Amino acid sequence: MTKPRRTAAPSTHRYPRTARLNESLREVIAEELIRIDDERLSMVAITAIDVDSEMNRAIVFYDSLIGPDGDDEIGAALADHRVRIQASVGRQVRAKKTPILSFKPDDAIRAAERIERVLRDKDTLPERPPEPELDDPAV
């Protein structure tokens, strides 16, 4: 007869391991971008990280003040420095393996900005109905 399997110890963490790794990677990569002396990366912000469930690959989402016009240049700069950034992640993040990084512009941020512009544009707002007159005794 085999022994029953031990139950897993309850986790003391409030959120899952991948979420913790995502946040750690975001912080390390953002700090490393500050250290890299490349003018193409001066206006880049790391907005999110998406690590796969096996922690083999990570997609790093970024945005910049330049907008979509600078995506090609920023993508090339990040690709040029990927090995250095990945080495920094390997040194600073305590994990069994370092995920392979790939970089993509954050389209969610840009979509939100477009929606906000549309909502703030006075030409897209419907016309308000006229206010009722206060002199009318029926009101």
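Data overview
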item	result
Selected residue (criterion: modelled with the highest pLDDT) from residues of segment 42-97 that are of a type in the set (D, E) and surrounded by fewer than 13 Cβ atoms within 10 Å (Cβ to Cβ)	D72
Hits in segment 16-30 - residues which are without any contact (Cβ under 8 Å) to a residue 60 or more places away in the chain and either touching a helix residue (DSSP H, G or I) at 6+ places or on another chain (Cβ under 9 Å) or in a helix (DSSP H, G or I) (or both)	R17, T18, A19, R20, N22, E23, R26, E27, A30
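The values are calculated or read from the model by the stated rules, or taken from the named source; none is laboratory data. Every value quoted in this text rests on a predicted model; they were computed, and no experiment measured them. For neighbour counting, all protein chains shown are included, and Cβ atoms are generated from backbone atoms with ideal geometry for every residue, glycine included.
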